[in-house]
Amino acid sequence: MRTMSLDSALAFVKKLRTDKEFSDTIQDGIDKERKNLIEKAGFDFTNEELKQATQLLSDEELRCVTGGTEGVRECPRDVCTCDGY
């Protein structure tokens, strides 16, 4: 059974996929908020530097730091501690 909230989420995803201007506006807002959170945490780097850093990680390490592993307690080479995220 679908709820109104699920219908709203599905409509949002559809609009993101079909309306480039809306998608760009949403992504720009997300990017600005993410950058603010990163700076508040004391980190300072450009998007290009972040791309370079992620290219230095193995696929397994990258999945870990982006939350893509399930049930993993520690990442290889002490990159992070995922705590199962």
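Note on the stretch 11-37: residues that are surrounded by 11 or more Cβ atoms within 10 Å (Cβ to Cβ), hydrophobic (A, V, I, L, M, F, W, C) and within 27 Å of GLU49 (Cα to Cα) amount to 1. Of the residues in the stretch 13-38, how many are in a helix (DSSP H, G or I), over 17 Å from the mean Cα position of the chain (by Cα) and among the charged types (D, E, K, R)? Of the residues in the stretch 13-38, 5 are in a helix (DSSP H, G or I), over 17 Å from the mean Cα position of the chain (by Cα) and among the charged types (D, E, K, R). If the condition is being exposed (fewer than 10 other Cβ atoms within 10 Å of the Cβ) and either assigned to a helix (DSSP H, G or I) or in contact with a Ser or Thr (Cβ under 7 Å, 6 or more places away or on another chain) (or both), then the stretch 39-48 contributes LYS40, ASN47, GLU48.
Are any of the residues in the stretch 51-71 of a type in the set (A, V, I, L, M, F, W, C), touching a Ser or Thr at 6+ places or on another chain (Cβ under 7 Å) and either at pLDDT 80 or above or assigned to a helix (DSSP H, G or I) (or both)? So far as the stretch 51-71 goes, yes, one or more of its residues are of a type in the set (A, V, I, L, M, F, W, C), touching a Ser or Thr at 6+ places or on another chain (Cβ under 7 Å) and either at pLDDT 80 or above or assigned to a helix (DSSP H, G or I) (or both). The set of residues from the stretch 36-48 being at pLDDT 90 or above and not hydrophobic (A, V, I, L, M, F, W, C) comprises ASN36, GLU39, LYS40, GLY42, ASP44.
The values are calculated or read from the model by the stated rules, or taken from the named source; none is laboratory data. All of these numbers come straight from a predicted model, not from anything done at the bench. In this analysis, Cβ positions are derived from the backbone assuming ideal geometry, glycine residues included, and neighbour counts consider all displayed protein chains.
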